[in-house]
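Below: the structure, in structure tokens.
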Amino acid sequence: MPRWGMVVDLTKCTACQACVVACQTENNVPCVEPEQAALGRIISWLKVLPEIKGAYPRISMQLMPLPCLHCDSPPCIRVCPVGATGITPEGVVRQIFARCIGCRYCTNACPYTRRMFNWYKPNFPGELQQALNPDVTVRPKGVVEKCTLCHHRLMQAKERARAEGRALAEGDYVPACVEICPANAMYFGDLDDPDSKVAGLARSPRAFRYLEDLGTEPKVIYLTEGEWAGGKEKPRQP
Amino acid sequence: MEKKSHGNLEALGPDAVLVQPIVATRSSFYHLALALLGFTTFAFFAWLHQLRWGLGTTGLNVPVYWGFYITNFVFFIGISHAGTLISAILRLCHAEWRRSITRAAEVITVLVLFFGVGSVIVDLGRPDRMLNVLKHPNFHSPLLWDVCSVSAYLLASSIYLYLPLIPDIAILRDYGGKYTRFYRLLALGWQGTKRQRHLLDRAIAVMAVLVIPIAISVHTVVSWVFGMTVQPMWHSTIFGPYFVVGAIFSGIASLIIAMALIRRIYYLQHYLKAVHFDNLGTLLLVFALLWFYFTFAEHLTTFYGRDPAHLVVFYSKLTGRYAPLFWGMVVTCFVIPVGILCRRRTRTVTGTVAASISVLVGMWLERFAIVVPTLSRPRVPWSKVFYSPTWVEIGITLGFGATFIFLYMLFTKFFPIVSIWEVQEGREVALEEVAKRIDSYMPGPPAVEGARFTAGTEGALQLEGE
Amino acid sequence: MNLRVNRRKFLQFAGGGAVGVAASGVTLQGLSTLNAALAAEEVQVPRGPEGWSLSVCSLCPAGCGLRVRMIGKRAVKIQGNPLHPVNRGGLCPRGLAGLQVLYHPDRLRAPQKNVGNRESPRWKEISWDEAIETVVQRLRELRNRNQAHTVALVSGHGGHLRQRLFERFLRSYGSPNSLRLPSGLDGAQAAAYLQQGVSEGVAYDLEGTHYLLSFGVNVLEGWGSPVSTMRAFGAWRDSAAGRVTKFVQVEPRLSVTAARADEWVALRPGTEAALALGIAYVLITEGLYDVRFVAERTFGFEDWHDAKGRAHTGFRSLVLSEYRLNDVAAITQIPVEIILRLGREFGRNRPALAIGGHQSSTLPGDLHASLAVHSLNALVGSLEVPGGALVRAELPGDAETGSRGRNHLPANLVHHDKALLPWADLTRLPDAILSGKPYALQALLVHGADPVFTLPNGERFAQALKRVPFVVSFSPFLDETSAQADLILPDHTDLEKWQESASPPTFPFPLQSISPPVLEPVHHTRDTVDVLLALARTLGGEVASALPHATGEEFLRQQVAEIFAAQAGYTFTTSLEETWNRLSERSGWWVPTYSSANQLWEQMKQGGGWWEPTYYYGEWNRVLRTPSGRFEFYSQRLAQWVAQHPEVAKESGLEPGDDRLCLPHQTRLPDTPKEFPLLLVPVEILPLVGGHGAHLPYLQQIAGQHVFAHWDSWLEMNPQTATKLGLEDGDWVWVESPLGRAKVRLRFYEGARPDVVHMPLGYGRTQGSAWGRRGNNPLRMIPSDGQASAGLPRGTQTYVRVYKS
């Protein structure tokens, strides 16, 4: 049984937020009206979080793409009174939209604030409804939604592999955010397969998990920025 | 004032005044009721509006997912401790002064619980699916524990309200008047026989014992809804007792207010005496000190631990955006009540009522200051969105308050708000019992016939039975 | 009125209420029904067969390859074309938002005619026949009156072959006035023209460079070709490859680019030239410059004498005498040690590349900063080497574009032989129109551009438009410019039409992408190419013979035939094959996968396009076309032009004939006016780069994420400054410049210099979709007369004051 995980190399991330929009289009995440956005009610399964430290001009800003971290020990699923959220055997923290009663306890229990609530009925004005992805249900109002690691893509990849009579190979299943990253800063795969790219990167000394001292054991692993170590003087031969 | 034949109430003697509210209703009652129902209607409209459009009509946002409703939930559940817990403890302790106040307290409990539960239902994004709680229960969730303990509490306190009500219902049945059929049904054939009395006493005693742990569990579980998460300034071990103390604190305060109103409106000065207010005032003072102790301990631990995530929330309460609320809470929960209650001279009816109002305001602020600041400063950097309620939330909150008062008023119109039979019983047997009891532990040789002590000076809580 | 309420009345009332409550659903079943009845909940998503089609993005000049997921006849997802050499499967958020362009509810659905007046337009939907007939009539009339040259076309950056067609149309019709929007690379382009003599194709081998020194360039926020730049950035930092490349961002503000760079050097705004020359000082004094390259391939480094025997200062003397480290530190407010270290690093980590010297794509930069920055490339020999500054070869067929059509055309409205730079400057069009000189403009066609909104002098452009009797816009949306038009003939959006695009800016290889339409048009819009072909057919004569093509596709096919004729390059393949092709080509073998133009066409459609993946280094005749045939530290073209324009010397505060006028130097900075103590520097952000995108919710939701501002402009201010002014984070403030004021929300931003405030570009539309009409356009507070007089690009500095509203 694979254990799906993601590695985000913060060194390579350009903070362009392509992953954010890719996620939105893939998963039928509605855009909210500006007045709603002002209340912070933007629904984003994946968000780039800025963190600024220091004072001008000695100042640094970290920009960190933050999807649901799919914790192995998720605080959110314990608190759901109706079991609308849970963790699949493959480690994906999922949400049953049709069962959720909208109490928002999970949103409050998540230390990463990565669960979103449908304050209103999702709105796709005019022809925008045409762009909806049939693989993903549009959530009704009043329920909590979150990153599913593009679970529909996993189902499709499995079907395809089964049809071709082979096992799921690395790269068959990749979430939309990872797929689009222009700087190739995101990796995805099976953390339990010791030979996979992500497992290798997860063993890197640069690897860390966000707020890992909370014991949530996230399966989204970050690589610290690192520094330029000084280049070589010799120019590359043409 | 309408006058109608209501059978013969003369037999009740001086206690007839206790039935008076049921017998006659002044037009001011209807005016007030209409006004209150106006709020109810408005709240209902607000709720329909919220159902129609979604929770977006509230001021809730990301990351402040909980606001007024959950604050109200904690607050109402807190108030519910007024009744049952206080009355059960007083009963078990044989505190004789309890006789005229237990009913008023128990009614608060039962009624206010509905609003506690209602607050949660109103807060749900999908109230239509709330039965999923029974269909797909997840017993890991503190919210489910809440569902269990609150329903147990509701059941237990309803029984606990109902049992001592039976003899009084029988009185109303027997003396004729309106709704005799209704009373007959509820009286369960009470005739006041010795066996019935004995059974009732036993039942009340059992319920009194049973209801205390349930009541404590209810508010502990409510606190665990917060305490079980890892969120800064929610994740605290002392939340259980802290919430229970706060609950009893606000419960006593609401009881004092209710008593003062009843006393004033229904002319029951001889039943709800200054001494009741003095005693409850002392109790309130004790809880004010206890509350302060817990608040201080809780905040000092956070401050001293210096966990950065906790400190952010800590400072947002003490010096930041929520400082007015926080310090307002300290003033209303501690400074004002202690100032009033610590002196016997000001621990009058007016004084205790003033202190109680202040406590109620303060306890609501306290609940708010627990729920919202933590949410508004999550661990991950987040936008500076602040929570302020919309008309929907304010409307529903006011509506809940008004409906509660209305239902309370309605109760007094159907049932005696001061337990007639217990008062009578007290008058008949209490003196003797108390004298016996005191004698039983008085040092020295057994006393001669007759009481050496008179009822009324008894204030100490006795723990041993007869 | 009797207010007494008795029990009966009361019970009636209360009972009625209770029944109402019960009926409307306090019961659980009722609740469910009620909820369902009040709001239909489910959004039904239609299904259909899945398919994938290729297309090209034209939301910025880069033209990334797209792969579009189709469900039935609907496009549901845009992804990157993994074979496309520009983006290799990656995409920026703008490209992804293309779906919202396609299905935008506020698109124009059919041709619109203004039946009101210019001041208060009223739009009426008309048929395409009527629309085309109106344009034909007008053009025919002008041609008959011998005023064909008074027609101008303003176009944006999208499409390359398309642009060829526009130009051919215009020239054959008889007008020289084809104008394009200024671009973010104009500064670098100007430096390349003056110092290298090349007028286009500025390119960089970003992936190969070992040291990138960027002077205020928004490298990761929409500059050049955003996705390929980001790919290069990812490649620099690939852990497997080892981190060789250092990226240093020199900029007053901590932009996203600066935050992501290896080092951010904060300098005083407008002093980029001084820093570049300070670095040159280090390179020269420490012997870190490429002595051989400078000796063999440059001009004006040492002191020299001209033909008349006049002595001239060389670049070296100027730098050594005027840009000593202490002086530079004083000008730039950067500590000496940092300048010294930057210089050493730049000299020692080769190939090193310096880029920039300008502010943004919409604002002109300081020419001398660009010259100084480009001089650094020459100093370390980073011209024509891997990882250095390159000049892209022309796409086959480009050279002859100019010659087709009429040969003898009147002078261009805004451009003439005496101009410093060889391309027409659109910002001068408003003045030309308003003055009516050299002739009055009778008709203006606008395609893919919104100059009224994006040009710094947009307001003047709007005034000028009122003087033009006939304005036609091809915009698919109502925008500031089309709102001033008489006729709007809405173009298809990307996925609905034949898409094509050439090499993006800064991309070193010639490239041409081509993709057929992905889906049926959503509305009654028409591809502007087809509209122009229809116009050409109807107009007849020379135009018809220059553009005999029945469809746009036919035109594109003909252009592809020219690529085939060039006998070079490959269709898009995987990067593995790319490496192989490159290798074999260097050994002299060209093994194409196609053998006929037809085959090439089919393969281009299949893979997305064609390109020439090999760069031939050291074609000095091609890349150094200056009078001296060398890289000119002392630009002789600039010298010639300065000699003709004595007022330039006066404006710069220098003596006429001063060599500094032609050598890179730091221009004088204006003093801060007392009443306007803060410098306003507009910033470009990736989601709204180029001023476009505010109408797309996807982009509005991610813009401003670093200060948590969404859907609105914001003013970035250092908290220290704000405290001094008594302002709080989130306050509404007025920003006032001598030209006007705007009300914006203040955001504390530690990354802003204490004496500078920033506002994002792209907000503040007043026309079109309500989603875009939010915030304020900082360009409206910025004086635009910087270069009006002489045509010398000059950075503008706008001072403002900020106070609570």
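A:Glu51 passes all but one of (1) charged (D, E, K, R); (2) part of a helix (DSSP H, G or I); (3) more than 30 Å from B:Asp146 (Cα to Cα); which number fails?
(2)
Could you tell me how many of the residues in the stretch C:213-229 are among the hydrophobic types (A, V, I, L, M, F, W, C) and away from chain A (no Cβ under 11 Å)?
The total comes to 4.
Can you name every residue in the stretch C:44-63 that is part of a strand (DSSP E or B) and over 18 Å from C:Gly222 (Cβ atoms)?
Correct list: C:Glu50, C:Gly51, C:Trp52, C:Ser53, C:Leu54, C:Ser55.
Would you confirm whether any residue within the stretch B:178-195 is closer than 30 Å to B:Trp53 by Cα and modelled with pLDDT of 90 or more?
no
I need a count of the residues in the stretch B:128-145 that are outside any loop (DSSP other than H, G, I, E, B) and either more than 8 Å from chain A (Cβ to nearest Cβ) or in contact with a strand residue (DSSP E or B) (Cβ under 6 Å, 6 or more places away or on another chain) (or both).
Going through the stretch B:128-145 one residue at a time, the tally reaches 3.
Find the residue count for the stretch A:1-38, including only residues that are more than 10 Å from chain C (Cβ to nearest Cβ) and surrounded by fewer than 21 Cβ atoms within 10 Å (Cβ to Cβ).
3
Sort out which residues of the stretch B:9-26 are among the polar types (S, T, N, Q) and open to solvent by less than 40 Å² (accessible area, probe 1.4 Å), and write them in order of number.
The one that is among the polar types (S, T, N, Q) and open to solvent by less than 40 Å² (accessible area, probe 1.4 Å): B:Thr25.
So is C:Phe474 open to solvent by 20 Å² or more (accessible area, probe 1.4 Å), within 30 Å of C:Leu395 (Cα to Cα) and of a type in the set (A, V, I, L, M, F, W, C) or not?
So C:Phe474 does not fit the description; no.
Being within 21 Å of B:Asn61 (Cβ to Cβ), facing chain B (nearest Cβ under 7 Å) and not in a loop (DSSP other than H, G, I, E, B) is the filter here; which residues of the stretch A:76-115 pass it?
A:Val79, A:Tyr105, A:Thr107, A:Asn108, A:Ala109
Any idea which residue in the stretch A:152-192 is most open to solvent (accessible area, probe 1.4 Å), counting only those that are within 23 Å of A:Leu69 (Cβ to Cβ), in a helix (DSSP H, G or I) and out of contact with any Asp or Glu (no Cβ under 7 Å at 6 or more places or on another chain)?
Applying the filter and picking the extreme gives A:Met155.
Of all residues in the stretch A:125-143, count the ones that are touching a residue at least 24 places away in the same chain (Cβ under 8 Å) and more than 7 Å from every other protein chain (Cβ to nearest Cβ).
3
Please count how many residues of the stretch C:257-270 are open to solvent by 10 Å² or more (accessible area, probe 1.4 Å), in contact with a strand residue (DSSP E or B) (Cβ under 7 Å, 6 or more places away or on another chain) and facing chain A (nearest Cβ under 9 Å).
Residues that pass the stated criteria total 4.
Please enumerate the residues belonging to the stretch C:232-250 that are closer than 19 Å to C:Glu337 by Cβ and open to solvent by 10 Å² or more (accessible area, probe 1.4 Å).
Passing the criteria: only C:Lys246.
Within the stretch C:407-466, which helices (runs of 4 or more DSSP H) (wholly inside it) include 1 or more residues that are open to solvent by 50 Å² or more (accessible area, probe 1.4 Å) and under 27 Å from C:His692 (Cα atoms)?
C:429-435, C:458-465
Could you go through the stretch C:687-701 and let me know if any residue there is surrounded by fewer than 20 Cβ atoms within 10 Å (Cβ to Cβ) and away from chain B (no Cβ under 14 Å).
Taking every residue of the stretch C:687-701 in turn, none turns out to be surrounded by fewer than 20 Cβ atoms within 10 Å (Cβ to Cβ) and away from chain B (no Cβ under 14 Å).
Go through C:Arg773, C:Arg747, C:Arg780, C:Arg753 for me and flag whichever is charged (D, E, K, R) and touching a Gly at 6+ places or on another chain (Cβ under 7 Å).
The unique qualifying residue is C:Arg780.
Of all residues being modelled with pLDDT of 90 or more and outside any loop (DSSP other than H, G, I, E, B) in the stretch C:690-699, which is nearest to the chain's Cα centre (by Cα)? Just the residue, please.
Per the stated criteria, the residue is C:Leu699.
Identify all residues within the stretch C:728-772 that are within 14 Å of chain A (Cβ to nearest Cβ), of a type in the set (Phe, Trp, Tyr) and open to solvent by 10 Å² or more (accessible area, probe 1.4 Å); write none if there are none.
C:Trp732, C:Phe748, C:Trp771
Quick check on my filter: what residues within the stretch C:70-114 are more than 8 Å from chain A (Cβ to nearest Cβ), in a strand (DSSP E or B) and closer than 24 Å to A:Val29 by Cβ?
The answer is C:Met70, and nothing else.
Condition test on B:Ser158, is it within 14 Å of chain A (Cβ to nearest Cβ) and surrounded by fewer than 19 Cβ atoms within 10 Å (Cβ to Cβ)?
It is false that B:Ser158 is within 14 Å of chain A (Cβ to nearest Cβ) and surrounded by fewer than 19 Cβ atoms within 10 Å (Cβ to Cβ).
List the pairs whose first member sits in the stretch B:367-393 and is more than 24 Å from B:Val222 (Cβ to Cβ), whose second member is of a type in the set (Phe, Trp, Tyr), and whose Cβ atoms are under 7 Å apart, counting only residues at least 6 apart or on separate chains?
B:Val380/A:Tyr112; B:Ser383/C:Phe708; B:Lys384/C:Phe708
Which number in (1) within 27 Å of B:Gly56 (Cβ to Cβ); (2) open to solvent by less than 20 Å² (accessible area, probe 1.4 Å); (3) more than 26 Å from the chain's Cα centre (by Cα) marks the one condition that B:Asp146 misses?
It fails just one condition, (3).
Out of A:Glu170, A:Glu164, A:Glu179, which single residue is more than 10 Å from chain C (Cβ to nearest Cβ) and touching a residue at least 24 places away in the same chain (Cβ under 8 Å)?
Only one candidate qualifies: A:Glu170.
Look through C:Val529, C:Val543 and report the one residue that is assigned to a helix (DSSP H, G or I), open to solvent by less than 20 Å² (accessible area, probe 1.4 Å) and within 28 Å of C:Ala75 (Cα to Cα).
That would be C:Val529, the only listed residue that is assigned to a helix (DSSP H, G or I), open to solvent by less than 20 Å² (accessible area, probe 1.4 Å) and within 28 Å of C:Ala75 (Cα to Cα).
Which numbered condition trips up B:Ile262, out of (1) open to solvent by 60 Å² or more (accessible area, probe 1.4 Å); (2) assigned to a helix (DSSP H, G or I); (3) over 19 Å from B:Tyr153 (Cβ atoms)?
Among (1) open to solvent by 60 Å² or more (accessible area, probe 1.4 Å); (2) assigned to a helix (DSSP H, G or I); (3) over 19 Å from B:Tyr153 (Cβ atoms), B:Ile262 violates only (1).
The values are calculated or read from the model by the stated rules, or taken from the named source; none is laboratory data. Keep in mind that this is a model prediction, so the values were computed, not measured. Reconstructed Cβ throughout: ideal geometry from the backbone, glycine too, with neighbour counts over all protein chains shown. Calculation scope for accessible area: heavy atoms of the full protein, side chains included, ligands and nucleic acids excluded. Shrake-Rupley method; radii C 1.70, N 1.55, O 1.52, S 1.80 Å.
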